[in-house]
Amino acid sequence: MSVPISVLIATKNEAVNLRGALESVSWVDQVVVVDSGSVDLTVAIAEEMGADVLQFEYDGGWPKKRNWALSHSIFRNRWVFVLDADERISDASRREIESMISRDEKVAGYYIQWKFIFLGRWMKNSWSHGWMLRLFRRGEAAYEDLGMRDEGGWDAEVHENIVSSGECRRLMEPLIHESEQSLAFWLEKQNQFSTWNAKRRLDQSKEDLPSVIHFFSRDPVRRRKLLKRLFLRMPCKPVVMFLYLYVWKKGFLDGKAGYYFCMLRAAHELNINAKLYEAEVMRR
């Protein structure tokens, strides 16, 4: 029997990745693919594999793609899992998720971490990513509105977090992030992400630093936001990022792929800094 979960996948030209994502959730009751006018085989693959397909046209405002889907009555199950096309749910994670939702407990949702695969290798030390709220009861969580709109060319949420006012716990089994796209494609996305991040950091520079009490919060999103704000106030961020990932986090244990990843993450910080400087120059 299928598990009473509705999975939400946002897509745009994701034919390379989508089949793997759908195969990893073939055990759920419903999959909803929200597409944005893909011109490849994304929609055909989704329909072939039994997903409900909706089209989303971005008008430059809010909500964006995933939150738009969450605000509509399109899910027929009590639990919703938000999955990206380049993510996979393992068998072990499936068993844990089934166990969690079968319990009659007052839990609004569950956080999960990434098992990030880069150049064919698990970035076990270099990049674990923070806890993300991805599994939650329908109507009890939504994406935060950071005031970001079409920066970077994105019609979907980029680094906005799913937040809930209810009690949320953690899943121990990670979500596998393994894209079938080329490194060139990944680098192109990082360039778009750096545009988004530069705009976001301009906005954050005008905001007060969150209370240090958030460092002790049980909510990992609040703690991560505080640490990010502290990081933004540090000098030489590209160098700091490389030393943190490659030395402090022992990214050197992830081999040559780990070295390239840590260097590219440092380059990402450099790109953000350069775009911030560009914005400053343009204002003069």
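Miscellaneous remarks
- Local electrostatic count at residue 154 - Lys and Arg +1, Asp and Glu -1, tallied over other residues with Cβ under 12 Å: +3
- Taking N as its residue count, the alpha carbon Rg of the range 12-147 over 2.2 N^0.38 Å: 1.10
- The dipole here belongs to the range 174-284: it is taken about the Cα centre, uses +1 on the Cβ of Lys and Arg and -1 on the Cβ of Asp and Glu, and is about 440 debye.
- On Cα atoms only, tilt of 91-101 relative to the major axis of the chain in degrees: 70 degrees
- Alpha-carbon Debye profile of the range 1-40, log10 I(q)/I(0) at 0.17, 0.32 Å⁻¹: -0.46, -1.10
- Label-point separation in nm, residue 44 to residue 202, each point 7 Å along Cα→Cβ: 4.1 nm
- The Kirkwood radius of the chain, taken over pairs of alpha-carbon atoms, gives through the Stokes-Einstein law at 25 °C and 0.890 mPa s a diffusion coefficient of 122 µm² s⁻¹.
- Straightening the chain between residue 213 and residue 150 buys 19.4 nm, computed as 0.36 nm per residue apart minus the Cα-Cα spacing.
- Semi-axes of the equivalent ellipsoid for the range 189-271, Cα gyration tensor, largest first, Å: 24, 17, 11
- Extension reserve of the residue 273-residue 104 stretch, reckoned as 0.36 nm per residue once the Cα distance is removed: 56.0 nm
- Fraction in percent of alpha-carbon pairs per bin - 10 Å, the range 66-127: 14, 41, 33, 12, 0
- For the chain, the longest principal axis of the alpha carbon atoms and the long axis of helix 183-204 meet at an angle near 70°.
- Spatially proximal lysines relative to residue 249 (Cα-Cα < 25 Å; intrachain offsets below 8 disregarded): 115, 124, 189, 225, 228, 237
- Taking Cα centre as origin and charging only the Cβ of basic (Lys, Arg, +1) and acidic (Asp, Glu, -1) residues, the dipole magnitude of the chain rounds to 1460 debye.
- Between residue 78 and residue 165, the modelled labels are 2.1 nm apart [label points 7 Å from Cα along Cα→Cβ].
- Fully extending the segment from residue 231 to residue 189, taken as 0.36 nm per residue of separation minus the present Cα-Cα distance, adds 12.9 nm.
- Calculated diffusion of the range 144-284, Stokes-Einstein form, Kirkwood radius summed over Cα pairs, 10 °C and 1.306 mPa s, µm²/s: 92 µm²/s
- Euclidean distance between Cα centres, the range 26-86 to the range 147-213, Å: 19 Å
- Counting only protein heavy atoms and using a 1.4 Å probe, the accessible area of residue 195 comes to about 60 Å².
- Taking a sphere under 15 Å around the Cβ of residue 255 and counting the other residues whose Cβ falls inside, with K and R at +1 and D and E at -1, yields a net charge of +4.
- Alpha-carbon gyration tensor eigenvalues x 5, square-rooted, for the range 152-224, Å: 27, 21, 11
- Taking every alpha-carbon pair within the range 54-212, the share separated by more than 23 Å comes to 47 percent.
- With R₀ fixed at 41 Å, the C-beta to C-beta distance from residue 140 to residue 264 puts the FRET efficiency at about 0.65.
- Base-10 log of normalised Debye intensity for the range 4-69 (one unit scatterer per alpha-carbon) at q = 0.29 Å⁻¹: -1.32
- Taking 7 Å steps out from each Cα toward its Cβ at residue 280 and residue 55 produces label points 4.5 nm apart.
The values are calculated or read from the model by the stated rules, or taken from the named source; none is laboratory data. Keep in mind it's a predicted model, so treat the numbers as computed, not measured. Cβ atoms come from the backbone with ideal geometry, glycine included; neighbour counts cover every protein chain shown. For the accessible areas, the whole protein counts, side chains as well, though only heavy atoms, and no ligand, DNA or RNA atoms are used. Shrake-Rupley method; radii C 1.70, N 1.55, O 1.52, S 1.80 Å.
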